[in-house]
Amino acid sequence: MLELRNIKKIYNPGEITEMCIFDGFNLSVSDGDFVSVVGSNGSGKTSMLNIICGSTPIEGGDILINGGSIVKTKEHARYAKIGRVYQNPSMGTSPNLTMFQNLSLADNKGKPYGLTRGVNRQRKEFYREQLAELGLGLEDKLDVTMGSLSGGQRQAVALLMSTLTPIDFLILDEHTAALDPKTAEVIMKLTDKIVHEKKLTAIMVTHNLRYAVEYGSRLIMMDKGQIVLDKSGGEKKDLTIESVLSLFTQISIECGN
């Protein structure tokens, strides 16, 4: 279980641009949950992900995984059990390295590095099998550089890389936002398949209300650093795009957007 307890986050403290994004924010995510998070710009969605991953420090509160605090755990150490896919397909992969080399780096995450080769030819067939399951024909492009792939292909490989080693949590930061509609659909289906097959706990921030409604076991809407809608189980299944959009629009009007 992942818990955020009484989180306080202030950007630019003491400066004229000081902004408190969280003040007493709480969230619990149970094992196996697939949480979709929606909200307007500035609602705190990405800040929440950065706080979980450790790239954004907090001024107060605690972050716990299975009851143990990780608030003092460095960002790189948290990624031993966390996989993350970013909005920009170019992030999370090395464009000048081949797909095989990228997968090898991901496969070695958390392992000690010594004066040995960074790639293991014996794992090449395993990578080929994993890529074949994506259904995009990437298994025949292992020796192609990542930078020469399309955005959708790179995002599919980034998704595979983030889950190549055993992890507990998958963080999806608007990972379909930069893709064309057809490719975004492919990536969402792949995401859902991987989350369920690997029994992952996932948190997905998205601006696509349809994806938030159709995918996942729980939907959260955020506004001004607070959770204003939280539906799971049967209540989540009863949600419609229209009802979520209505609340989203109402909040936007109240905020002057």
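The values are calculated or read from the model by the stated rules, or taken from the named source; none is laboratory data. These figures come from a predicted structure and were not determined experimentally. Cβ sites come from the backbone with ideal geometry, for glycine too, and all protein chains shown count toward neighbours. All accessible areas refer to the heavy atoms of the entire protein, side chains included, with ligands and DNA or RNA removed. Shrake-Rupley method; radii C 1.70, N 1.55, O 1.52, S 1.80 Å.
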Residue count, segment 143-158 (criterion: more than 19 Å from I194 (Cβ to Cβ) and in contact with a Phe, Trp or Tyr (Cβ under 8 Å, 6 or more places away or on another chain)): 1
Number of the exception - L136 against (1) outside any helix (DSSP H, G or I); (2) modelled with pLDDT of 90 or more: (2)
Count - residues of segment 39-69 that are charged (D, E, K, R) and either closer than 23 Å to V213 by Cβ or assigned to a loop (DSSP other than H, G, I, E, B) (or both): 2
Selection count where residues are over 16 Å from the mean Cα position of the chain (by Cα) and crowded, with 16+ Cβ neighbours inside 10 Å, scope segment 184-220: 3
Filtered residues of segment 66-95 (kept if over 19 Å from S162 (Cα atoms) and β-branched (V, I, T)): I70, V71, T73
Evaluation of I51 against (1) more than 20 Å from the chain's Cα centre (by Cα); (2) at pLDDT 95 or above (one fails), failing number: (1)
Any hit, segment 70-84, residues being among the hydroxyl-bearing types (S, T, Y) and loosely packed, with under 13 Cβ neighbours inside 10 Å: no
Selection count, segment 1-31, where residues are free of Cβ contacts under 8 Å to residues at least 12 places away in the same chain, open to solvent by less than 80 Å² (accessible area, probe 1.4 Å) and in a strand (DSSP E or B): 1
Cβ pairs under 9 Å, 6+ apart, first in segment 211-225 and closer than 25 Å to D23 by Cβ, second open to solvent by less than 10 Å² (accessible area, probe 1.4 Å) and among the aromatic types (F, W, Y): R218/F34; G225/F22; G225/F25
Verdict on S36 being open to solvent by less than 10 Å² (accessible area, probe 1.4 Å) and in a loop (DSSP other than H, G, I, E, B): no
